[in-house]
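Chemist: What follows is a structure written as structure tokens; I'll ask about it next.
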Amino acid sequence: MELTFYIAATVAVLATIMVITRYNMIHALLYLVVSFLSVAVVFLTMGAPFMAALEVIVYAGAIVVLIIFVIMMLSLTREDVEQEKAWLQPKLWMGPALLSFVLLAELVYLLVIAEMPAAPVAGSYVNAKAVGLALYGPYILGVQLSGILLMAGIVGAYHLGRQKKKVIHRFLQQQEPQKERSAAI
Amino acid sequence: MGELLWLIPALPFAGALLLVLFGNRISRALVSAIGVGSVGISAAITLVLGIDYLSSRPAFIRQEVWQWFDVAGFSPSIAFHLDALSMVFIFVITFVGFLIHIYSTEYMAEDKDYARFFACMNLFVGSMLMLVMADNLLLLYLGWEGVGLCSYLLIGFWYKEPANGYAARKAFIITRVGDTAMAIGLFMLFQHFGTLHIQSISTEAAQVWSVGNETAMIIALLLLGGAVGKSGQLPLQTWLPDAMAGPTPVSALIHAATMVTAGVYLVARMHVIFALSPVAMMAVAVIGAVTLLIAGFAALTQYDIKRVLAYSTISQVGYMFLALGVGAWSAGVFHFMIHGFFKALLFLCAGAIILALHHEQDMRRMGGLSKKLPVVFYTFLIGAASLAAFPLVSAGFYSKDQILWLQLAGENGNIWLYLAGLLGAFITSIYTFRMVFLTFYGEEKTHVGHKPTMAITVPLIILGILSFAGGFIELPHNFGHVVLFSDFLGPVLPAVSVVPDFSQYEWMLQLLAAVISLSGIFIAYLFYYKKPELIENIHRSETAMAIHRFWHSGWGFDQLYDALFVRPYVYLSKVNKNDFIDSTYTFIANATQGMHELFVRTQTGIMRNYVAGIVVGAIMILTISLLL
Amino acid sequence: MTSIPMETGLLLAGVLFMLGLISVMIRRNIIFMLISVEIMLNAAGLAFIVAGSHWAQPDGQIMFIFILTMAAAEVSVGLALILQIYHQLKTLNSDAANFMKG
Amino acid sequence: MILVWLIVILMAGGVLAWISGKVNRSLPRWVALASVGAVFLMTLYLWLSNPIPVLGSAWLVQFTQPWIPQWGISFSLALDGLSLLMLLLTFFIGLLAVLISWREIQTKVAFFHFNLLWVLAGITGVFLTMDLFLFYFFWEVMLIPMYFLIGIWGHENRRYAAYKFFIFTQASGLLMLLAILGLYFIHGSQTGIYTFSYFELLNTTLAPEAARLLMFGFLAAFLVKLPVVPFHSWLPDAHSEAPTAGSVILAGLLLKTGAYGLLRFVLPLFPTATVEFAPWAMLLGVIGIIYGAILAFSQTDLKRLVAYTSVSHMGFVILGVFAFNEWALQGVVMQMITHGLSTGALFIIAGFLYERLHTRDIRQMGGFWSTAPKMGVIALIFVMASLGLPGLGNFIAEFLTLVGSWQANNWLTVFATIGLVMATIYSLRIMQKIFFQEYKLVQPLPDMNAREMLIAIPMVAMILWLGLYPQPVLDTARPSIQEQLQAYTKPPIEQKKLPSTLENMARVEENTLEKLSEKPEDAKPALNLQVSKSPSPLIPKSSN
């Protein structure tokens, strides 16, 4: 089991690194699916099979598919990949990577100094029933809020996704007339 | 008869009010009727009251018109107090004022603002009457400031000339400096007596304080400050020569009947406080002596006839202060009265001359007027004789002689003060007759235009008679010994105590004074009539001319004050016109603006930068929480 | 099953999160930014699962469900926005959408 | 109930004026005039009918209605002599403000009058409320319409001035709110009763540090409003940029709310802390007197000049308030009224000149006496009032203030008195530059017309009346002033110095006794005449 975990973790990290270094969006997304799947394996090793299933269905399935649909709608070409290449200069990596590693180092340090309380129960398997009971028990309010959030997401997505002629705010129009060009198209 | 008391100041006020309200809509004749009439009726009431007063001789008459206000025991009234001292003042003010008003009807006949002139004159007389009749110091202060206001309005009467406005403001502001000192004196008096009622203060002060009390001294000096300001004494005398900017009747009124004598009145009225403080008395006398000399020398060098008279007023008021300073109260008041007559006379004569010579005031362009203006000449001569204390026949001789005599004979007397007075008398007769010879003798230099008529000559003649005869109501012991005046004032002002074994020298001193006066006249005759080349010789010397210029500018006081007070004040004001305190707030506003400019740069609109910002923030917070 | 230390799980979550973060910061392409955000959200969810499994409680998983919901909503709205931006600006460059520049 | 009506009439009048603007352009003016006139008459009636004091103290009329009882907030109004005088002044000046705007305001007439009436309503509320929360509420109510008055109908630089005014007063007002809340919670924790009622809070016992802090909170608001020198700089801008009615209300009324606040709240609420602070406050007052006077001298903008004279005059107010004796406080009350009139009148004259010349620059004026003598006379009277000429109201005010402050602090009073000389200097400059000198304009300046005389003459009459017979005003103010001074049962001056003070007090009583004993004489026709036959110049009064 341990070995499974470590292999899955390694795959997840490597896949993610691949995601963030790709120039081609579709490639990146494929690696992303790999990353999600390996995380799902990690979930399994952690004793959360239900979550693993959700991860596969929702993340690796729905979300990635959604993004792919959008990319297809945008009908990207080879120029876009070249463009991506031009944008992603190696020297750009330095600053953000440094910052993130500092943050990571601090996180690791925190993990090291923290005194981990021993787990109270030996078996950490939590089945879907327990999750469902908790979800519709103490967390019922959260569920409702999630519903509202999803509703808002749907409405928002619908609203934003509509094609409108001109949506530049009047303030922006007055102050930055050079932006007119994009609005005029 | 006492019920009429309130009418004396009220009538001029009413006249002023009527003229302010309707002055522009009524005829000139009516304006003069109101203006002159109101003061005339006041004078008549004064006469009636005076006769009544003389016959019944009450200590005083008090009339309360209404209670002004009452705050926690501070309850001054609009109330009038008539005793011998105020009687003398009211008499001079109303009568001389009345004559000046009559005179003005002709003098100002051509002026566009006829009604305004008479309104201000009435207000002036009214305020002065209020001043001398007030039964408490607050009401006195009302009159006191009212006089200042009227002097401002009248000196700047011809307002189109900026110089006149300057002189007017100078007069008001400088006298206000004195008034401020006086106001502080009033606060102290109130603190100690809980009232500003003059009689209560006088009685209580004598009981509460012994001679030499320090508080009494401070109060007396503060009151003196006020008196000095109004009376044009050192160090606040500089406004008075400039006050000549006003029409000549105004000068006459300011110098003879009102305003400058207010200081004398105040010191005489508060003599109890002054008597408690030898230091303050000495200060009064010294100020008087120094002022009379300085002003005398300055008068010697003036060419403007009105400025000569102005300096002579300062000098003569100096004599009054000299008298008051040695406790010769009634001598001071006597000199005030005589001075009121002859100074009004001299000013009115000067006005007649100026009118005749088309507003020419420079004596160097006058001359030979004795034939052209005989009435003016003779009356002027009487006035000049009185001013120069011409022996025996002039009123000024008796009043001034009494002051000089008491400098030596009075128990507070002092030989130096006497000598100063004597020197002053000598100079006085020189500059007075310099004026006479320059103006009336020699050849005619300017054509005589306007010949004075009745409205001018009658007041001149009346004043001439008074300047001549007024002196005979008070004659020295060894020469008739008439003491009508000091007897009259006796209940109010204590007599000066004379050093007993001194009276044998009195006639010698009188002779000395007479000789001094006559020699002064002779010198003037020699220099300005007989041998003008002597003056030429003096004018050739550099030193003499430097002194001349120094004296001509009134001993440089104007320049001194200009450098010490006026220019620093104006500079301070101008340099801070935009209020440096405001700039601190502007700085705060600008700093906020600057910070805004600074932080607005971080808002690039590029999302990646914001993310980076969040990360940096997270790192910082984590680091800080780890370190702590 | 029990032998996997929590630290390791959390470390994995942290590393994934960092990678997502780096990507958000360096990418200009707005779709890549969205993808990176998904990585980060996923990493956060992983941390919850790790903690939940350590205590053998369902709460961690429930939190993951909420994150999942939120991610779904976010991605739909985000994609709609991307479409809008692309239509308006004819580019996927997020730097071009700097209307909020002060 | 009448007190509520005062506020309600003004507020309703404001709304009505706004609405009536839709019907007719000049209707709002009449509505405003009618409502201010109505409240003025009501207050005048209150004054003349002398209602019997309730509560066994200085209070004449009271009205209390719970508003938010959970937090101890009530709609509590009360009227005493001080507020009555302030209300009379408010409505008198309010009437003038409506009248002077008759010709000057031509844009958004309806909204202007709405703002005008709401400012007045706010001021009325400030002068009446006895609930600190409500006080703060009205304090804000008077602020916002004023902001609009300056910002919409002002002169060239009006935006800047309006913001400055708003920020200064609002920031300081928030400090006051903090102090009010502090007081509320301290009182609540002590007694268990959480209330904003003024009368309840008066009994709060405060630790010295707390009292000091809370006092500074209140002082912040009142000193800025007054204004005292380091915080004065909003005033010249606001005054000079505001329309005439705005300047008049600012100078005549808004500044007075600061003085009123000092008298009503700071003195009774924090007796010990104020005594500690008194020398500094008096020093600030003196600095204000002198600084304002010096700055006034060099201004070339007429309204700005007058604004700085206000700074100078308000210095006397704070000087007097912190002298803690009846003379000074009566002087302060008089100063509030007479300054409202005299400075208001000067602003009105500046407004008249602006209407004719379209400039406020005195360098472009001069010689107006020759063509506008009536205006000259009126201006002369108010210029003289502002330099404190006896016979006009300001003299009584300043003299009483200085007499009072002399008892508290000699040297500061001396410097304050020097301020009078400086007042002369700037006042005469006004006359000289505007009315004297050579006439420079081509067109003759028209003199005042009937409407303008209708505005000016009551003011002249008032200032003369206050100068010659101020007793009714002083009598009205007396009970409430004594009430404010109650906290100082032993005025500090008595303890510190003056062995003779006791004698003074004795003499005071003696005087009143004598006045009583003189009463029978009053019945005689020649009551006021006293002829002494005794040889010594003693009057019988002082013989005992």
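Chemist: Limited to region A:42-76, what total is found for residues that are assigned to a helix (DSSP H, G or I) and either among the small types (Gly, Ala, Ser) or within 17 Å of the chain's Cα centre (by Cα) (or both)?
Modeler: So in region A:42-76, the residues assigned to a helix (DSSP H, G or I) come out as A:42-45, A:49-74.
Checking the rest, the ones that are also either among the small types (Gly, Ala, Ser) or within 17 Å of the chain's Cα centre (by Cα) (or both) come to A:42-43, A:51-71.
Number of matching residues: 23.
Chemist: Go through (1) buried (at least 21 other Cβ atoms within 10 Å of the Cβ); (2) under 19 Å from A:LEU150 (Cβ atoms) and name the single condition C:ALA44 misses.
Modeler: (1)
The rows are residues; the columns are (1) hydroxyl-bearing (Ser, Thr, Tyr); (2) facing chain D (nearest Cβ under 10 Å); (3) crowded, with 24+ Cβ neighbours inside 10 Å.
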| position | (1), (2), (3) |
| --- | --- |
| B:VAL96 | no, no, yes |
| B:ILE102 | no, no, no |
| B:TYR114 | yes, no, no |
| B:ALA119 | no, yes, yes |
| B:ASP135 | no, yes, yes |
| B:GLU161 | no, yes, no |
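Chemist: Continuing with this model, one more query. Of all residues in region B:46-63, count the ones that are farther than 17 Å from B:LEU484 by Cα and surrounded by 20 or more Cβ atoms within 10 Å (Cβ to Cβ).
Modeler: Total satisfying the criteria: 6.
Chemist: I've got another one for you. Look through B:PHE390, B:PHE433, B:PHE440 and report the one residue that is at pLDDT 85 or above and within 18 Å of B:ILE521 (Cβ to Cβ). Walk me through it before giving the result.
Modeler: Numbers: B:PHE390 fails: at pLDDT 85 or above; B:PHE440 fails: at pLDDT 85 or above.
After applying the criteria, what remains is B:PHE433.
Chemist: Quick one: how many residues across region B:587-628 are surrounded by 15 or more Cβ atoms within 10 Å (Cβ to Cβ) and away from chain C (no Cβ under 13 Å)?
Modeler: 0
Chemist: Let me ask something else about it. Within region B:64-76, is there a residue that is surrounded by 20 or more Cβ atoms within 10 Å (Cβ to Cβ), in contact with a Phe, Trp or Tyr (Cβ under 7 Å, 6 or more places away or on another chain), away from chain D (no Cβ under 13 Å) and not in a strand (DSSP E or B)?
Modeler: Looking through region B:64-76, none of the residues is surrounded by 20 or more Cβ atoms within 10 Å (Cβ to Cβ), in contact with a Phe, Trp or Tyr (Cβ under 7 Å, 6 or more places away or on another chain), away from chain D (no Cβ under 13 Å) and not in a strand (DSSP E or B).
Chemist: Taking region A:10-32 as the search range and keeping residues that are more than 7 Å from every other protein chain (Cβ to nearest Cβ) and under 24 Å from C:ALA51 (Cα atoms), which one is surrounded by the fewest Cβ atoms within 10 Å (Cβ to Cβ)?
Modeler: This residue is A:THR10.
Chemist: Does region A:67-84 hold any residues that are within 10 Å of chain C (Cβ to nearest Cβ) and under 13 Å from A:LEU32 (Cα atoms), and which are they?
Modeler: Listed by number, the list holds a single entry, A:ILE67.
Chemist: Anything in region D:218-272 that is of a type in the set (Ser, Thr, Tyr) and not in a helix (DSSP H, G or I)? List them, or say none. Reasoning before the result, please.
Modeler: From region D:218-272, those of a type in the set (Ser, Thr, Tyr) are D:233, D:240, D:244, D:247, D:257, D:260, D:272; that's our starting set.
Within region D:218-272, D:SER233 is the sole residue that qualifies.
Chemist: Given the structure, is B:ALA205 part of a helix (DSSP H, G or I), more than 10 Å from chain D (Cβ to nearest Cβ) and crowded, with 24+ Cβ neighbours inside 10 Å? Give the steps one after another, and end with the answer.
Modeler: Working: part of a helix (DSSP H, G or I): yes; more than 10 Å from chain D (Cβ to nearest Cβ): yes; crowded, with 24+ Cβ neighbours inside 10 Å: no.
It is false that B:ALA205 is part of a helix (DSSP H, G or I), more than 10 Å from chain D (Cβ to nearest Cβ) and crowded, with 24+ Cβ neighbours inside 10 Å.
Chemist: Please go through (1) within 14 Å of chain D (Cβ to nearest Cβ); (2) in contact with a Phe, Trp or Tyr (Cβ under 7 Å, 6 or more places away or on another chain); (3) among the hydrophobic types (A, V, I, L, M, F, W, C); (4) within 24 Å of D:ILE381 (Cα to Cα) for B:LEU5 and return the number of the only condition it doesn't satisfy.
Modeler: (4)
Chemist: For region A:109-164, give me the residue count where each residue is assigned to a loop (DSSP other than H, G, I, E, B), modelled with pLDDT of 85 or more and surrounded by 15 or more Cβ atoms within 10 Å (Cβ to Cβ).
Modeler: Residues of region A:109-164 assigned to a loop (DSSP other than H, G, I, E, B): A:114-127, A:136-139, A:162-164.
Among the residues that remain, those that are also modelled with pLDDT of 85 or more are: A:136-139.
Still in the list and also surrounded by 15 or more Cβ atoms within 10 Å (Cβ to Cβ): A:139.
Count: 1.
Chemist: Sticking with this one: Say whether the condition of being part of a loop (DSSP other than H, G, I, E, B), over 28 Å from the mean Cα position of the chain (by Cα), buried (at least 17 other Cβ atoms within 10 Å of the Cβ) and not hydroxyl-bearing (Ser, Thr, Tyr) is met by at least one residue in region B:370-383. Before the answer, list the steps.
Modeler: To start, the set of residues in region B:370-383 that are part of a loop (DSSP other than H, G, I, E, B) comprises B:373.
Cutting the leftovers down to over 28 Å from the mean Cα position of the chain (by Cα) gives us B:373.
From what is left, the residues that are buried (at least 17 other Cβ atoms within 10 Å of the Cβ) are B:373.
Next, from what is left, pick out any that are not hydroxyl-bearing (Ser, Thr, Tyr): B:373.
Within region B:370-383, one or more residues are part of a loop (DSSP other than H, G, I, E, B), over 28 Å from the mean Cα position of the chain (by Cα), buried (at least 17 other Cβ atoms within 10 Å of the Cβ) and not hydroxyl-bearing (Ser, Thr, Tyr).
Chemist: Still on this structure, I have one more. Just checking, how many residues over region D:442-455 are surrounded by fewer than 19 Cβ atoms within 10 Å (Cβ to Cβ) and more than 14 Å from every other protein chain (Cβ to nearest Cβ)? Explain how you work it out, then say what you get.
Modeler: To start, the set of residues in region D:442-455 that are surrounded by fewer than 19 Cβ atoms within 10 Å (Cβ to Cβ) comprises D:442-447, D:449-451, D:453-454.
Going one step further and asking which of them are more than 14 Å from every other protein chain (Cβ to nearest Cβ), we end up with D:442-446, D:449-451, D:454.
Here the count works out to 9.
Chemist: Does region B:54-70 contain at least one residue that is closer than 17 Å to B:SER127 by Cβ and in contact with a strand residue (DSSP E or B) (Cβ under 9 Å, 6 or more places away or on another chain)?
Modeler: Quick first cut of region B:54-70, residues closer than 17 Å to B:SER127 by Cβ only: B:65, B:68.
Subsequent filtering for residues that are in contact with a strand residue (DSSP E or B) (Cβ under 9 Å, 6 or more places away or on another chain) retains B:65, B:68.
Scanning region B:54-70 turns up at least one residue that is closer than 17 Å to B:SER127 by Cβ and in contact with a strand residue (DSSP E or B) (Cβ under 9 Å, 6 or more places away or on another chain).
Chemist: Still on this structure, please answer the following. Residues that are under 20 Å from B:SER202 (Cα atoms), within 14 Å of another protein chain (Cβ to nearest Cβ) and of a type in the set (Phe, Trp, Tyr): does region B:80-88 have at least one?
Modeler: Yes, the conditions are met somewhere in region B:80-88.
Chemist: How about region C:6-102: which helices (runs of 4 or more DSSP H) wholly inside it have at least 1 residues that are aromatic (Phe, Trp, Tyr) and within 22 Å of B:VAL615 (Cα to Cα)?
Modeler: Numbers: elements: C:6-26, C:30-55, C:59-89.
Filter on region C:6-102 gives C:6-26, C:30-55.
Chemist: Can you find a residue that is in contact with a Phe, Trp or Tyr (Cβ under 6 Å, 6 or more places away or on another chain) and in a loop (DSSP other than H, G, I, E, B) anywhere in region B:477-493?
Modeler: Here is the first cut: in region B:477-493, the ones in contact with a Phe, Trp or Tyr (Cβ under 6 Å, 6 or more places away or on another chain) are B:478, B:485, B:493.
From what's left, in a loop (DSSP other than H, G, I, E, B): B:478, B:493.
Yes.
The values are calculated or read from the model by the stated rules, or taken from the named source; none is laboratory data. Given the structure is predicted, the values throughout are model-derived calculations rather than measurements. Because the Cβ atoms are built from the backbone with ideal geometry, glycine has one as well, and the counts that use them run over all protein chains shown.
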